[in-house]
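Peer 1: Quick one: structure below, then a few questions.
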Amino acid sequence: MGTLWHPFSDMGSVEKTGELILTHGEGVHVRDREGRRYLDATAGLWFTNVGHGRAELADAAAQQMRRIAAYSTFGDYATEPTVQLADRLEGIAPVPGSKIFFTSGGSDSIDTAAKMARRYWVEQGRPEKTMLLSRSKAYHGMHYAGTALAGIPGNREGYGELVPDTAQVEWDSPESLRATIESVGADRVAAFFCEPIIGAGGVYLPPEGYLAQVRKICTEHDILFVADEVITGYGRFGGSWFASSALGLEPDLVTTAKGLTSGYAPMGAVLVAPRVWEPFFAPDAGVWFRHGYTYSGHAMAAAVALANLDLIETEGLLDEAARLAATLDRELAPLAEHPHVTEVRSGLGAVAAIQLADPPTAMRFAVDVRRHGIATRACGAGAIQVSPAFVMTDEQVGELAAALRAALDAMPDAA
């Protein structure tokens, strides 16, 4: 019996079937300890944007650890790479003049944004604005606020009420958002959390005009708009650092992680627009945002992030992500005609999902497809996730599509 408790896992099943232990990664491939090689269809967990085995990032980590690996950023302390990274992120943030609050990952970033939104309204003399809204199908991490905001019912069940004053609206309906705001009263709503592309909930692309409409509704009702770009940030939307920039959303807060370091070190960041940070930076006001993490702005992680952003820029990986998005759409869309598939969701960002006709088979399919040389996972309600590293070639996408088709062909017909 193993001792590792795997996240998001049926441990009884894992105990029965055993673990897949990976030992090496290079480019868009990973290997297990038996030497079998797999095409990594998910870039780890949406994060290995620059590919596996990048020595540049390992070197950046080692060099920084030899200088100073980490130090607290509480009070007036900082390290050089942390300050440099904050400046770098301000330069690419969707809203100019943003301040950067560092976290240890995406769930941290969501909880930070939730607390910051509520505290902002207190500083504005409107403490009654506490309601946090999110969308059905949404995933916003698994800390307290993120679990309360979850639009995936199974992720909320079994814990009781974690955070009061949260509610979900229909993921694809601006009118659902407007109706909910009018029902509870705009004077009570602090923020609306919105993934530009719903990720772990099943890869759902926003309906035409949806994001612009919900942004407008938030503006009209004086509600903070929080763009959850933990997945789409740092290039995965394709052609731009952030989906919010490409779509002109001008969010009040942007939650990020994953692609910030391409997963080579745990790190996240909240990009805070001037409207929100200004009350906390007022001279002689004595306003404290009593929140933070031991590893906020971790020096080694910041050095890795800087090297990662360098790779994305010098290798033109923002454009490569846009190329990859088009190729995924072209190669995977025909799978929608397969009898075991009901839909392929692709065409926006370097992401896709193959929706299986029999949703409960998705978990088994994600394991069986390894025999065809593919590492992937189930997400949402019976979908198969595709979110490769930006360095995946068109030929490799073709290999991925062919392997997925072969695995679908090998599925037994429904009884």
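We did not get these values from a lab; they are worked out from the coordinates using the rules stated. In this text the structure is predicted, and so the values were computed from the model without any measurement. Reconstructed Cβ throughout: ideal geometry from the backbone, glycine too, with neighbour counts over all protein chains shown.
Peer 1: Quick check: the distance between the Cα centres of region 164-185 and region 331-374, to the nearest angstrom?
Peer 2: 31
Peer 1: If you don't mind, another one. Quick check: from the Cα gyration tensor, does region 338-382 come out rounded (a/c under 1.5), prolate or oblate?
Peer 2: oblate
Peer 1: Charges at C-beta only: +1 for Lys and Arg, -1 for Asp and Glu. How large is the resulting dipole of region 1-48 about its Cα centre, in Debye rounded to 20?
Peer 2: Computed about the Cα centre, the dipole is about 120 debye.
Peer 1: Taking loop as defined by DSSP and a crowding limit of 16 other beta carbons within 10 Å, which GluC sites (Glu not before Pro) in region 202-239 fit?
Peer 2: 208
Peer 1: Normalised by the number of residues in region 165-324, what is the relative contact order in percent for Cα pairs under 8 Å and 6+ residues apart?
Peer 2: Values: 203 pairs, mean separation 29.8, N = 160.
Rounded, it is 19 percent for region 165-324.
Peer 1: Could you calculate the contour length gain from residue 65 to residue 161, that is, 0.36 nm times the residue separation minus the distance between their Cα atoms, to one decimal place in nm?
Peer 2: The residue 65-residue 161 span can extend by a further 30.4 nm.
Peer 1: Determine, from the Cβ-Cβ distance of residue 33 and residue 175 and an R0 of 56 Å, the FRET efficiency 1/(1 + (r/R0)^6), rounded to the nearest 0.05.
Peer 2: 0.60
Peer 1: With equal scatterers on the alpha carbons only and no solvent term, can you work out the Debye log10 of I(q)/I(0) for region 229-339 at 0.10, 0.18, 0.22 1/Å?
Peer 2: With one equal scatterer per Cα and no solvent, log10 I(q)/I(0) is -0.42, -1.01, -1.22.
Peer 1: Please go through region 226-291 and write out the trypsin sites (Lys or Arg not before Pro) that DSSP classes as loop and that have at most 14 other C-beta atoms within 10 Å. All intermediate terms of the calculation are to be shown ahead of the outcome.
Peer 2: Values: sites: 236, 258, 275, 290; in loops: 236, 290.
Listed in order of number, the matching sites are 290.
Peer 1: Still on this structure: Percent antiparallel among DSSP beta bridges with both residues in the chain, to the nearest 5?
Peer 2: 65
Peer 1: Give me the one-decimal nm value for the distance between modelled label points at residue 314 and residue 144, 7 Å along each residue's Cα-to-Cβ direction.
Peer 2: If labels sit at residue 314 and residue 144, their model points lie 4.4 nm apart.
Peer 1: If you find the alpha carbon centre of region 382-403 and of region 102-135, how far apart are they in angstrom?
Peer 2: The distance from the Cα centre of region 382-403 to that of region 102-135 comes to 36 Å.
Peer 1: Label-point separation (nm) for residue 11 and residue 187, each offset 7 Å from Cα along Cα-to-Cβ?
Peer 2: According to this spin-label approximation, the distance is 4.9 nm.
Peer 1: If you wrap a convex hull around the C-alpha atoms of region 289-415 and split its volume per residue, what is the figure in Å³?
Peer 2: Spelled out: Cα convex hull of region 289-415, divided by residues, is 159 Å³.
Peer 1: Can you tell me the relative contact order of region 279-380? Whole percent, Cα pairs under 8 Å, sequence separation 6 or more.
Peer 2: This gives 14 percent for region 279-380.
Peer 1: Calculate the spin-label point distance for residue 115 paired with residue 72, positioning each point 7 Å from the Cα along the beta-carbon direction, and give it in nanometres.
Peer 2: 1.5
Peer 1: Under a straight-distance cross-link criterion of Cα-Cα below 28 Å, which lysines are reachable from residue 129, leaving out those fewer than 8 residues away in the same chain?
Peer 2: Result set, ordered by chain and number: 99, 115, 137, 216.
Peer 1: Rank-order 194-203, 118-127, 91-100 by packing density, defined as the average count of other C-beta atoms within 10 Å over each peptide's residues, highest first.
Peer 2: On the way: 194-203: 25.7, 118-127: 16.1, 91-100: 18.1.
Order by mean packing, descending: 194-203, 91-100, 118-127.
Peer 1: If each DSSP helix of 4+ residues adds -39,500 (n - 2.57) and the sum is divided by the residues in the chain, what number results at 222 nm, nearest 500 deg cm²/dmol?
Peer 2: That comes out to -10500 deg cm²/dmol.
Peer 1: Can you pull out the GluC sites (Glu not before Pro) in region 269-372 that DSSP calls coil and that have at most 16 other Cβ atoms within 10 Å? Intermediate results must be reported in sequence, preceding the final value.
Peer 2: Values: sites: 313, 315, 320, 331, 337, 343; in loops: 315.
Qualifying residues, ordered by number: 315.
Peer 1: Compute the label zone of residue 21 within region 235-271: residues whose backbone N is under 17 Å from the point 7 Å along Cα-to-Cβ.
Peer 2: Nothing falls inside the zone, counting backbone N under 17 Å.
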